[in-house]
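The values are calculated or read from the model by the stated rules, or taken from the named source; none is laboratory data. As the structure is a prediction and not an experimental result, all values here were calculated from the model. In this analysis, Cβ positions are derived from the backbone assuming ideal geometry, glycine residues included, and neighbour counts consider all displayed protein chains.
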Amino acid sequence: MSRHSKPPVRGNGMNVEDAYTDFKYLLNRGYRKSYALRVVSDHYRLTLEERHLLARCVFPDTWIVEVQGKLLRPNELRGRSLAIDGFNVLITIESLIDGKAILCEDGLVRDLKHQGRYRVSERTGPIITEAMKALAGLGVSELLVFYGRAVPKSGIVRKLTEGALEESHLRGKVELVKSPDFKLKGYGTVATADVGIISRVPHVFDVPRLIGKRRGLEIPPFKSVMQRFTKKS
């Protein structure tokens with residue numbers, strides 16, 4: 001570092017908004033997200049939590065416009081076949097219930113739990129049933145639910161989902177597959193928050209946001225969460 005260079009600023013929450021501004025600029029200039037995030041995070045010395053917030057929720061403006069053109073409202077699901085990214089949706093719904101989900105810049109709800117693989121619990125069955133009944137109420141014609149078979153106890157989740165489909169009087173099927181992403185990219189309307197899948201399909205629906213609305217849960221938008229980080233210090 002030269003004697004004229006400024007050292008990175010300590011990122012304890014005070015500089016999240018500055019980091020966001022720089023990150024957003026780089027994304028809009030076409031920089032790869034992983035590279036832009038590393039540069040900005042290192043410069044401002046962001047915490048892991050702050051880095052995760054930016055990684056999950058900030059996108060270039062072109063992506064936001066693209067997703068807004070794909071995102072369906074609940075009243076637009078009637079008569080449609082919906083393919084569901086099973087564990088992605090389950091993790092997000094549970095995170096939302098736990099107060100650890102956020103409405104990102106592109107209009108989709110994502111979790112902030114750093115969870116990784118889904119873990120089956122006593123609430124897995126009731127949440128699946130709630131989601132199936134909510135979708136049945138929107139007039140969905142068919143549900144196709146895909147779970148990664150490598151996830152522990154995925155067979156149990158499959159049986160719970162099949163039972164919920166039957167209870168909700170929905171046509172559909174549940175599959176355990178090696179790569180849900182690969183399968184989902186072949187459908188017209190998909191429930192997921194996964195960027196790689198969204199970029200390849202015509203339409204997207206946000207099941208966690210639907211559940212949040214039905215439960216009367218507040219889903220904080222990204223900007224308000226960023227301001228909380230700023231106020232921490």
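When each of Glu66, Glu94, Glu50 is tested for being at pLDDT below 95, among the acidic types (Asp, Glu) and assigned to a helix (DSSP H, G or I), the lone residue that passes is Glu50.
Listed here are the residues, each with its yes/no results for (1) in the same structural domain as Ala193 (by TED's automatic domain parsing); (2) surrounded by 15 or more Cβ atoms within 10 Å (Cβ to Cβ); (3) over 30 Å from Gln227 (Cβ atoms); (4) touching a residue at least 12 places away in the same chain (Cβ under 8 Å).
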{"residue": "Gly79", "(1), (2), (3), (4)": "yes, no, yes, yes"}
{"residue": "Phe87", "(1), (2), (3), (4)": "yes, yes, yes, yes"}
{"residue": "Ile91", "(1), (2), (3), (4)": "yes, yes, no, yes"}
{"residue": "Gly99", "(1), (2), (3), (4)": "yes, no, no, no"}
{"residue": "Glu105", "(1), (2), (3), (4)": "yes, yes, no, yes"}
{"residue": "Lys113", "(1), (2), (3), (4)": "yes, no, no, yes"}
{"residue": "Glu122", "(1), (2), (3), (4)": "yes, no, yes, no"}
{"residue": "Gly125", "(1), (2), (3), (4)": "yes, yes, yes, yes"}
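For the stretch 186-210, residues that are of a type outside the set (Val, Ile, Thr) and in a helix (DSSP H, G or I) total 4.
Across the stretch 208-232, the qualifying residues are those that are crowded, with 20+ Cβ neighbours inside 10 Å and aliphatic (A, V, I, L, M), and the one among them that is farthest from Leu82 (Cα to Cα) is Met226. Of Lys213, Lys183, Lys173, all but one fail to be over 25 Å from Gly107 (Cβ atoms), not assigned by TED's automatic domain parsing to the domain that holds Lys33 and not in a loop (DSSP other than H, G, I, E, B); the exception is Lys173. Checked against (1) surrounded by fewer than 17 Cβ atoms within 10 Å (Cβ to Cβ); (2) of a type in the set (Phe, Trp, Tyr); (3) touching a residue at least 40 places away in the same chain (Cβ under 8 Å), Phe205 passes all but a single condition, namely (1). In summary, Val157 fulfils each of the numbered conditions (1) within 25 Å of His52 (Cβ to Cβ); (2) assigned to a helix (DSSP H, G or I) with the single exception of condition (1). Here's a check for you: in the stretch 102-142, which residue that is at pLDDT 95 or above and assigned to a strand (DSSP E or B) is nearest to Pro208 (Cα to Cα)? Per the criteria, the residue is Val109.
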